[in-house]
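A short worksheet on the structure shown next.
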Amino acid sequence: MTFFQHSEPRLLWAAGQSLDGKKGGPYICLLAALAIATSSPIYAQSTVAVTVVNMIPQGLSGESNTDSEPNLAVKPSNTQHIAASAFTPDPMGGAHAPIYISTDGGRSWLLNSIVPGNDRKTGTHDITLRFGSTTNVLYAAIQRGDATNLLKILRTNDFTSANPMTELVTRQGVDQPYLEAISVAGRDRVYVGYSDLNVQGTATVDRSLNAATAPAPVPIDMRPRGTCQKGAPSIRPAIHESGTVYAAFFRWTKCSSAPGVYHTDVVVVRDDNFAAAATGPSPRCVSDLRRRETACLG
């Protein structure tokens, strides 16, 4: 794989193709994006060498699962430790779905079946992973593979251990959970964005200020407009160690005007104290940065 030098900073793209040469073929398409600053020493080179590693363990090289929707987490305190996930079932058909683990910087990989709710075809449904930034704890937010729209928020103190991940939260009626984590003052702050199907697809964030305990629910009011009264499933939180927390989501403002066509606001909300005041029924309002309105946490 080769990335060519450009005179200005920009995204450099390299895209693979299905092995049968057809769009939508039976093999996964690899897509990589690399953003390189002009100050980087690699701009003195005409090409950039990139190592591509097949994460499927060699002993399972004959498998033909979909292995789609991959997610990757690198331990900030030890970048040789990497965890990854995909829709990969346990090869032994057990009760737990696997994650991919590497302890040598991604040069070699093993499967570690520690995620509850294995489905024999997909492993889990939606899944994201993150490490605490100064701890060894790996967190996961999943839809169980053996259920429908069932959220589990999980943790393990040792991602290489064969012990199943500890279940912190169970919630029914959840779509597309997405997790972010950061360590501050010795505590892991964990935020999980998802679509709450119990409340017309409301964008919601579960947060914990100390993820050794179960996160408290922090729903974000999407302020429904028009006739759709809901939003799209993807809700993405982002955290800074200063205490600023963002969440971005789609808010549908008009129902489908044609098959598959929706009118949408992209909304970004913010809290400047880790959403720490968002507990119980009292609302904690944060800024809608686009419309200069407020959305409420709690």
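A few comments on the model shown:
- Separation of alpha-carbon centers, the range 68-83 and the range 118-174, rounded to whole Å: 14
- Around Gln80: net Lys/Arg minus Asp/Glu count, Cβ-Cβ under 11 Å: +1
- Looking at the range 84-182, the trypsin sites (Lys or Arg not before Pro) that sit in a DSSP loop and have at most 13 other Cβ atoms within 10 Å of their own Cβ are Arg107, Arg120, Lys121.
Quick note: the coordinates plus some simple rules give every number you see, no bench work behind them. These numbers were taken from a predicted model, which means no experiment stands behind them. Backbone-built Cβ (ideal geometry, glycine too); neighbour counts: all protein chains shown.
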